[in-house]
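*Asks:* First the structure, which I've put down as structure tokens, then a few questions once you've had a look.
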Amino acid sequence: MEWSLESIREMVAGGMQSVRECEICALSIAMCVLLLFMWYCYRVGQEHGSSPLRGRYLVGPGRIGGVVGGFMSSDCRNREKGKRGSMLEEQNGFAFCQSSECFRCTSAGESLNQRLYHSLQEYAKRYTWSGMGRVHKGVRDQGRYLNSRPTIQRPEVFFLPDLPSAPFFSREVQRHDVELLEQSFPALLAEFESIYHQPPARGGSSLPPGWKANNTPRGQWWTYYLVNQGTPLVLNVRRCPRAWRVLGQLRTFIANNVFGNACFSVLTPGALITEHYGPTNVRLRCHLGLRVPPSCELVVGGEPQCWSEGSCLLFDDSFLHRAFHEGNLEDGPRVVFMVDLWHPNVAAAERQALDYIFTPGHLDDKEGK
């Protein structure tokens, strides 16, 4: 090959052209990868990012378990039926099934205390002991706290010490969430109407799909859960997209542990929910009145309050409480939208630890290992 200035110029020009073609090719590949990544992020965002609720989505009926807000779920009863060969009868919906698979149905005792303490130690090893003083104190002396509480306030599962207590709380303690719920009153009422007036579900049930009947001494009490012990019920959520969107906008909704629930609750005329305690004092139960006929009342810690349509009531359900509807048939049912919010004096670090300790299935999974 003869070397000349012209041949060298041609070789350099050809090399530069090849580099430009490679750059275009590489740029095209990079753009394709970027577009694919953006599409993937969009799909993930559509599925999980539209709501801060990080609960574990229901994939089958076996995921719904336990006692919800103190009441045994149908799945929990079915597990006992399989084990014992007969259905365990409820007494006003508050009976415990004693199943080791169900956290809320396991009565508080030495076994539960040990599991709580091991879970707290596990959390501290992964994260920190900082800010865990009250949680550590509560877990360490849980048995003593639960047994020595006055009869007016006696949570069934977990008591956090040194937490200000009162039967009812001012709306100001959770102002953002209360105002958001009250602003959403028309949308929530409309969504309730849509699920309440559906034809009865198949299988001989007299209730529309998604509704559950709770045992009461008299009258009827029905609930429609969107979140059951920290676990979203996917089929119900799909029927109530606006209510689910509202839950995702709440700042203090308990979305990630077994103490968090959200549901529509219906009391028919003549219904009575007898006195009972909630599982813990770390939450406030919020009732947004959707339909409130006369002669309906909620009594918490001996203090009576009446619901009001479009307004929220905040109360600590670890106090002894009951509800009743003494109106006439023509008055129609009492309907509230119920959500569990964090107690305002539970710090962020404590919430994170309690979410870890009481993650749905966490204690049961740990015990099974």
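The values are calculated or read from the model by the stated rules, or taken from the named source; none is laboratory data. If you're wondering where the values come from, they're calculated on a predicted model, not measured in any experiment. All Cβ positions, glycine included, derive from the backbone under ideal geometry; neighbour counts span all protein chains shown. When the accessible area is computed, the model is the full protein with side chains, heavy atoms only, and any ligands, DNA or RNA have been set aside. Shrake-Rupley method; radii C 1.70, N 1.55, O 1.52, S 1.80 Å.
*Asks:* Order Asp331, Asp177 by their accessible area, 1.4 angstrom probe, all chains in place, largest first.
*Replies:* Details: Asp331 60, Asp177 0 Å².
Result, largest first: Asp331, Asp177.
*Asks:* Now for a separate question. If DNA, RNA and ligands are ignored and the probe is 1.4 Å, what is the ranking of Lys125, Lys137 by accessible area, most exposed first?
*Replies:* Details: Lys125 175, Lys137 65 Å².
The ranking, largest first, comes out as Lys125, Lys137.
*Asks:* Return the whole-Å distance between the Cα centroid of segment 122-198 and the Cα centroid of segment 311-344.
*Replies:* So the separation of the two Cα centres works out to 15 Å.
*Asks:* Ok, one more. Could you pull the accessible area for Tyr145 with a 1.4 Å probe, rounded to 10 Å²?
*Replies:* Accessible area of Tyr145: about 30 Å².
*Asks:* Each residue of segment 321-336 in order: what ³J(HN,Hα) in whole Hz does its phi give by Karplus 6.51 cos²θ - 1.76 cosθ + 1.60, θ = phi - 60°, with x for Gly and Pro?
*Replies:* Going residue by residue, I get 8, 8, 9, 8, 10, 9, x, 8, 4, 5, 6, x, x, 8, 10, 10 Hz, with x marking Gly and Pro.
*Asks:* Moving on to the next point. Applying a 10 Å radius around every beta-carbon, put 150-157, 161-168 in order of their mean neighbour count, most first. Could you put the intermediate results ahead of the total?
*Replies:* On the way: 150-157: 16.5, 161-168: 14.9.
Averaged packing, sorted descending, gives the order 150-157, 161-168.
*Asks:* Along Cα→Cβ, 7 Å out, is where each label goes; now give me the distance between the ones at Glu275 and Leu36 in nm to one decimal.
*Replies:* The two pseudo-label positions are separated by 6.6 nm.
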